[in-house]
1. Within region 32-44, is there a residue that is modelled with pLDDT of 80 or more, farther than 17 Å from ALA112 by Cβ and part of a loop (DSSP other than H, G, I, E, B)?
2. List every residue pair whose Cβ atoms sit under 6 Å apart, with the two residues 6 or more apart in sequence or on different chains, where the first one lies in region 217-240 and is outside the structural domain of VAL275 (by TED's automatic domain parsing) and touching a residue at least 60 places away in the same chain (Cβ under 8 Å) and the second, anywhere, is outside any helix (DSSP H, G or I) and buried (at least 20 other Cβ atoms within 10 Å of the Cβ).
3. Considering only region 18-39, how many residues are among the aliphatic types (A, V, I, L, M), surrounded by 13 or more Cβ atoms within 10 Å (Cβ to Cβ) and more than 34 Å from the chain's Cα centre (by Cα)?
4. Just to check your reading of the model, which residue among ARG141, ARG176, ARG165 is in a helix (DSSP H, G or I), surrounded by fewer than 16 Cβ atoms within 10 Å (Cβ to Cβ), of a type outside the set (Phe, Trp, Tyr) and under 29 Å from the mean Cα position of the chain (by Cα)?
5. Can you pull out every residue in region 205-226 that is within 17 Å of PHE342 (Cα to Cα) and surrounded by 17 or more Cβ atoms within 10 Å (Cβ to Cβ)?
6. From the set of residues in region 85-101 that are among the charged types (D, E, K, R) and touching a helix residue (DSSP H, G or I) at 6+ places or on another chain (Cβ under 8 Å), which is surrounded by the fewest Cβ atoms within 10 Å (Cβ to Cβ)?
7. Would you say VAL266 is out of contact with any Asp or Glu (no Cβ under 6 Å at 6 or more places or on another chain) and either at pLDDT 85 or above or not β-branched (Val, Ile, Thr) (or both)?
8. If you go through region 87-113, how many residues are at pLDDT 85 or above and closer than 14 Å to LEU63 by Cβ?
Amino acid sequence: MSRIPDTALGHRETERVEKEAHLLRHALDALPQAVVVHDEKGAVVFRNRHAESLASPRHADALAARAVDDLLAAALKGAGVSRTLELYGPPRRILDLAGEAIRNADGDVVGAMVVIDDVSERRRLDDVRRDFVANVSHELRTPVGALALLAEALKDEHEEAVVDRLAGRIADEAVRVGRIIEDLLDLSRMEADSSLPLDGVSMPVAVDTAVERVRHSADQRGVQIETMGGAGAPAVQGDERQLVSAVANLLDNAIKYSDAGALVSVAIDHDGEWVNVAVHDQGVGIPSSDLERVFERFYRVDRARSRQTGGTGLGLSIVRHVANNHGGEVTVESREGEGSTFRLRLPGLRP
């Protein structure tokens with residue numbers, strides 16, 4: 001049997017080590033975290049792709065690089081350390097850093113590494129969830145508390161007229177709770193189901209359905225609804241129920257913030273690729289400082305008026321979710337005292 005030369009074995013071993021190192025580098029580059037590795041003398045041995053930005057001269061990156069150096073120095077002394085760093089940007093970022101010593105088989109420190117995890121989006125979502133739970137609790141506490149007080153008053157009341165008035169108030173508060181819960185369920189369904197039907201939806205038909213849905217509310221407030229346009233508009237791929245809900249919420253919002261005798265108009269136009277639905281009202285308008293926030297959950301420009309008209313503070317948030325689910329957008333233009341125009345822009349199906 002012939003013997004393989006030592007030089008050939010050494011070459012194969014070198015190739016194997018180089019292949020493993022190459023694979024390891026690609027694996028570390030694929031990580032969403034930044035990784036920095038130092039040898040026992042403190043020299044940088046490796047930075048993955050996400051850690052390269054730490055060499056930037058920008059102030060925020062320089063602060064992060066300094067924090068990494070501090071953690072590496074501590075890790076080289078054998079201490080496992082971690083810290084959270086807030087960088088106010090822009091953009092604002094929150095980084096979780098963890099340093100750890102690298103030891104050989106004998107337990108001696110031969111290097112150190114730091115892993116940097118950008119948790120900004122995670123923290124933002126945590127804040128959103130926390131605010132959402134707090135807002136839901138607050139919004140439900142008001143009608144539920146009112147129900148308890150009204151029921152207590154009704155229990156000891158014997159005058160028929162007062163009983164009727166209290167019973168009517170209880171019914172109103174129960175309807176309000178039901179609306180909040182229904183809107184919350186709608187939002188939950190929209191967030192959970194990102195897949196949309198492949199059917200084409202006619203926006204003129206969706207608008208007509210939405211108008212009929214809010215017709216009773218408009219009649220009660222003495223608000224007229226006018227529709228126009230839509231001829232030749234391409235269909236929109238998506239969920240007809242969601243699209244009707246979006247337009248109905250825009251109309252409901254316009255009606256609630258309009259005075260008796262006012263006109264709410266719905267115009268549909270298209271440019272061959274996009275279908276636009278514009279809902280214009282002659283209502284109280286929106287202050288410029290509130291324009292960026294009107295699509296937030298439970299945000300109300302006029303809380304007193306919204307409560308009086310039975311608004312849940314979720315309608316415009318539902319519209320934004322529907323627009324996002326369908327690859328479109330919703331925008332608003334308004335001037336205080338002159339009314340508002342909300343535009344729902346959706347991609348049309350190509351023939």
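The values are calculated or read from the model by the stated rules, or taken from the named source; none is laboratory data. If you're wondering where the values come from, they're calculated on a predicted model, not measured in any experiment. Positions of Cβ are backbone-derived with ideal geometry, glycine not excepted, and every protein chain shown enters the neighbour counts.
1. Yes, there is a match, as at least one residue in region 32-44 is modelled with pLDDT of 80 or more, farther than 17 Å from ALA112 by Cβ and part of a loop (DSSP other than H, G, I, E, B).
2. Listed pairs, sorted by first residue: none to list.
3. Result for region 18-39: 1.
4. Working: ARG176 fails: surrounded by fewer than 16 Cβ atoms within 10 Å (Cβ to Cβ); ARG165 fails: under 29 Å from the mean Cα position of the chain (by Cα).
On inspection, the qualifying residue turns out to be ARG141.
5. ALA206, VAL207, ALA210, VAL211, VAL214, ILE225
6. As a first pass, look at region 85-101 and keep what is among the charged types (D, E, K, R): 86, 92-93, 96, 100.
Still in the running and touching a helix residue (DSSP H, G or I) at 6+ places or on another chain (Cβ under 8 Å): 92-93, 100.
Working: ARG92: 12, ARG93: 18, GLU100: 18.
Looking at the filtered set, the residue picked out is ARG92.
7. Values: out of contact with any Asp or Glu (no Cβ under 6 Å at 6 or more places or on another chain): yes; either at pLDDT 85 or above or not β-branched (Val, Ile, Thr) (or both): yes.
In short, yes.
8. Total satisfying the criteria: 3.
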